[in-house]
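For reference, the structure discussed in these notes is given below.
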Amino acid sequence: MKSSNPIIKNIYTADPAPMVCGDTLYLYTTHDEDVLVNDFYTMFDWRCFSTKDMVNWKDHGKVFSLDDIEWADARAWAPQCIERNGKFYLYCPVHKKDGGMSIAVGISDSPTGPFKDLGHPLVDEPDWNDIDPTVFIDDDGQAYLYFGNPELRYVLLNEDMISYDEKVGVVKVPMTDEAFNKGSHDTGTSYGEGPWFYKKGNLYYMVYAAFAVGQQNEHLAYSTSENPTGPWKYGGVLMATGEGDIFTNHPGICEFKGHNYLFYHTGELPGGSLFHRSVCVAEFDYNEDGSIDVISKCDGVEGI
Ligand code: FUB
């Protein structure tokens, strides 16, 4: 049996964030509303879906929303969830009532929520860079939260996962061509947004949405490092900009039951547009040296 892309066909979903827990893959997404406000991204809540076989998906509905975050008023953007010591932490960018973007944390005893807001922003800088958090716990127990557009930044999360090392503070990753390739985003590199941080073998990967010189729409690219905090080395394009495609793309990567998956989004549902996206998945393999060849958009994946 084979799945068919987009994975979710009854609503518009974007910004996929997979999390494997036991024999189940949980997929957190954002939700593009049908009716737009001010002709811009109109996003109020985060959704969760799960599968055990990559073909049959269970809809867990809305697991966290702007209504649950007293201090936020708009832009329920790209999240990521992680488990630590039996609790689940959903990191979410939101627009604050008093202006600017920041990163909220929802906490739950279950991967499918409901998530309860921490009560205040976790990361809140005086600029608009605090979006698209990606979280990873290394083998030594140190947890990292990377995020950012147009700059990639990170904090060292404390073991409680709801605070970070204030002495180290928010670290700005050097935005160099060696790390992220020359590109057309604000830093002069291709790094755009939507980082996805993980480790495979001894190599750390940073996958992200990127802007090539002369290209309007995002493609996906990756960089690697031998250390969790860099220096990063540009690896290549992961998914090319599709012809006639939408403005954004957004990566989420995981290994599930021995298979490697890239989740991404497109505008391919009926009525699709840059503000009406839909989440898809492709299977891929790593080369022996850890590099990854360009992954094509596809119709779906084999059941497992
Ligand atoms: O979905 C809203 C924003 O668009 C995300 O935060 C970005 O990664 C881009 O997908």
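Miscellaneous remarks
- Sequence-distant lysines (8 or more away, or on other chains) whose Cα lies within less than 26 Å of residue 257: 2, 9, 52, 58, 87, 199, 200, 297
- Alpha-carbon centroids, region 167-190 and region 27-69: separation in whole Å: 30 Å
- Net charge over other residues, Cβ less than 11 angstrom from the Cβ of residue 79 (K, R count +1; D, E count -1): -2
- Taking the chain and dividing mean pair separation by its residue count, relative contact order in percent (alpha carbons under 8 Å, at least six apart): 17 percent
- Summing charges over neighbours of residue 188, with a neighbour being any other residue whose Cβ is under 15 Å away from its Cβ, gives -2 when K and R count +1 and D and E count -1.
- Summing Lys and Arg as +1 and Asp and Glu as -1 over all other residues whose Cβ lies under 13 Å from the Cβ of residue 44 gives a net charge of -4.
- Fewest-first sequence of 274, 152, 157 by Cβ atoms within 10 Å of each Cβ: 274, 157, 152
- In nm, spacing of pseudo-spin labels at residue 285 and residue 162 (7 Å Cα→C-beta vector): 4.5 nm
- For region 138-296, the relative contact order comes to 14 percent (Cα pairs under 8 Å, sequence separation of at least 6).
- Over the C-alpha atoms of the chain, the Rg to Rh ratio, Rh being the Kirkwood estimate, stands at 0.92.
- A cut-off of 5 Å between modelled amide H atoms, ignoring neighbours fewer than 5 places along the same chain, links residue 189 with 183.
Readers should treat all values here as calculations from the given coordinates under stated rules, not as data from a laboratory. Note that this is a predicted model, so its numbers are computed, not measured. All Cβ positions, glycine included, derive from the backbone under ideal geometry; neighbour counts span all protein chains shown.
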